[in-house]
1. Which pairs do you get when a residue that is within 13 Å of ILE189 (Cβ to Cβ), found in the stretch 202-214, comes within reach of a residue that is among the basic types (Lys, Arg), reach meaning Cβ atoms under 6 angstrom, with the pair 6+ apart or on two chains?
2. Residue under question is PHE54, and the condition is that it be more than 17 Å from SER140 (Cα to Cα) and in a helix (DSSP H, G or I); does it hold?
3. Could you tell me whether the stretch 108-115 includes any residue that is in contact with a Ser or Thr (Cβ under 9 Å, 6 or more places away or on another chain), assigned to a loop (DSSP other than H, G, I, E, B), farther than 20 Å from ARG47 by Cβ and touching a residue at least 24 places away in the same chain (Cβ under 8 Å)?
4. Which residues, counting only those in the stretch 54-96, are among the charged types (D, E, K, R), more than 17 Å from PHE118 (Cβ to Cβ) and under 44 Å from the mean Cα position of the chain (by Cα)?
5. Somewhere in the stretch 235-255, is a residue over 30 Å from ASP320 (Cβ atoms), out of contact with any strand residue (DSSP E or B) (no Cβ under 8 Å at 6 or more places or on another chain) and either aromatic (Phe, Trp, Tyr) or in a helix (DSSP H, G or I) (or both)?
6. Return the residues of the stretch 116-129 that are within 34 Å of the chain's Cα centre (by Cα) and in a helix (DSSP H, G or I); say none if nothing qualifies.
7. Does LYS238 satisfy the condition of being in the same structural domain as LEU310 (by the TED database) and modelled with pLDDT of 80 or more?
8. Looking at VAL182, VAL138, can you tell me which residue is free of Cβ contacts under 8 Å to residues at least 40 places away in the same chain and within 21 Å of the chain's Cα centre (by Cα)?
Amino acid sequence: METITKQSPQGCNNICPTPPPLPGPAMNCRRKGSATKGNSCASTATRDLWDNLFDRGYRADVTIRTNDGGIIYAHAGVLGMASPVLRGMLKQAKGVGHKRLISIHGVQHDAVRVFIRFLYSSCYEQEEMKELVLPLLVLSHAFVVPQLKRICEQQLENSLLTLDNVVDVFQLSLLCDAPRLVLLTHRMILRNIKAVSATEGWIAMKRSHPALEKEILESMIYEEQMEKERIRKLNERKIYLQLYEAMEALVHICREGCRTIGPCDKDLKDDQKPCTYEACKGIELLVRHFAGCKLRVPGGCIHCKRMWQLLELHSRLCADSGSCRVPLCRNFKDKIKKQFKKDEMKWKALAKKILSTKRIGGEPYFLSSKSISSY
């Protein structure tokens with residue numbers, strides 16, 4: 001006790017708690033010889049000894065006043081070692097003789113009792129935690145007890161967070177510097193905004209903190225916009241991937257000649273394997289239509305227009321038009337030189353996006369390294 005008394009305690013206003021580590025396993029100790037959950041280096045007898053010291057108040061030298069005139073007896077040495085804020089309060093506390101008096105108000109008496117008991121044995125009852133988790137979160141933050149704060153956050157995250165209390169937990173998480181809990185509650189509110197907005201917690205927040213309600217609604221709008229943007233990009237990437245596969249199939253048909261495409265009722269021979277290019281069938285049907293269509297001019301037929309666009313896109317991706325077997329490849333290359341700058345930029349941007357869609361899979365076989373680097 002003398003060693004503790006000689007230390008120079010710090011005041012509660014000068015305490016800057018270090019960030020707690022990641023949540024670990026919580027310790028849930030049940031008294032009267034019941035099973036203990038969690039990991040602990042101390043034996044059950046040792047924990048029972050500290051519980052009895054608190055329950056009986058043997059040689060207690062601190063009186064704690066709580067709401068509604070409640071009284072809790074404790075020991076200055078235990079409180080001072082467990083919480084730097086309590087150490088500072090005990091230094092400034094006044095009392096008669098060796099008895100010192102401090103006050104903890106703002107939460108119910110039972111929450112303060114469970115909090116002080118935790119300082120002795122680092123244990124709690126699950127039923128008490130379920131009922132008092134929010135005031136215990138406030139006390140653990142206010143008096144800098146990171147172990148209890150981590151347990152409260154873990155309990156809320158695993159089982160105690162509901163639609164009825166999520167708004168209250170969200171507000172307390174902001175006040176108690178619990179960023180992970182802020183993120184979890186915020187996501188839960190956004191996912192269940194219709195049900196949450198009808199709870200008493202939301203109505204109270206709307207009345208007392210209208211700015212916070214406005215921020216939540218704005219974040220919901222932002223999340224919806226981000227989700228739409230994500231879906232748009234996925235659909236866009238799907239289109240670019242289909243164009244890439246069409247380019248490969250077109251070169252494959254014109255250069256090598258696909259032997260497995262043809263009428264839908266055509267059977268493969270025993271020595272034939274199915275074509276690895278999934279777009280071959282569609283490109284072959286488009287080529288057959290293009291060859292026999294009487295409205296082949298661009299704009300006259302929607303299918304022919306699509307074929308013209310594929311041929312022009314191929315010419316912009318082709319590495320060597322001189323030896324290319326794709327029809328009109330060289331003609332389109334010559335046309336590019338006479339094209340307007342605005343149209344040229346659009347086609348170049350499209351070619352770049354198509355290449356970036358499959359770049360991770362390796363270099364396309366219809367492009368040279370020099371051609372790829374130009375994009």
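1. Close Cβ pairs (under 6 Å, with a partner that is among the basic types (Lys, Arg)) amount to GLU213/LYS206.
2. Here the answer is yes, as PHE54 does meet what is asked.
3. The answer is yes; a qualifying residue exists.
4. Correct list: ARG65, ASP68, LYS91.
5. Yes, there is a match, as at least one residue in the stretch 235-255 is over 30 Å from ASP320 (Cβ atoms), out of contact with any strand residue (DSSP E or B) (no Cβ under 8 Å at 6 or more places or on another chain) and either aromatic (Phe, Trp, Tyr) or in a helix (DSSP H, G or I) (or both).
6. Initial filter on the stretch 116-129 (within 34 Å of the chain's Cα centre (by Cα)): 118-119, 122-129.
Once the filter is applied, which keeps residues that are within 34 Å of the chain's Cα centre (by Cα) and in a helix (DSSP H, G or I), the stretch 116-129 yields PHE118, LEU119, GLN126, GLU127, GLU128, MET129.
7. On the way: in the same structural domain as LEU310 (by the TED database): yes; modelled with pLDDT of 80 or more: yes.
Yes, satisfied.
8. VAL182
The values are calculated or read from the model by the stated rules, or taken from the named source; none is laboratory data. All values reported here derive from a predicted model rather than from experimental measurement. Positions of Cβ are backbone-derived with ideal geometry, glycine not excepted, and every protein chain shown enters the neighbour counts.
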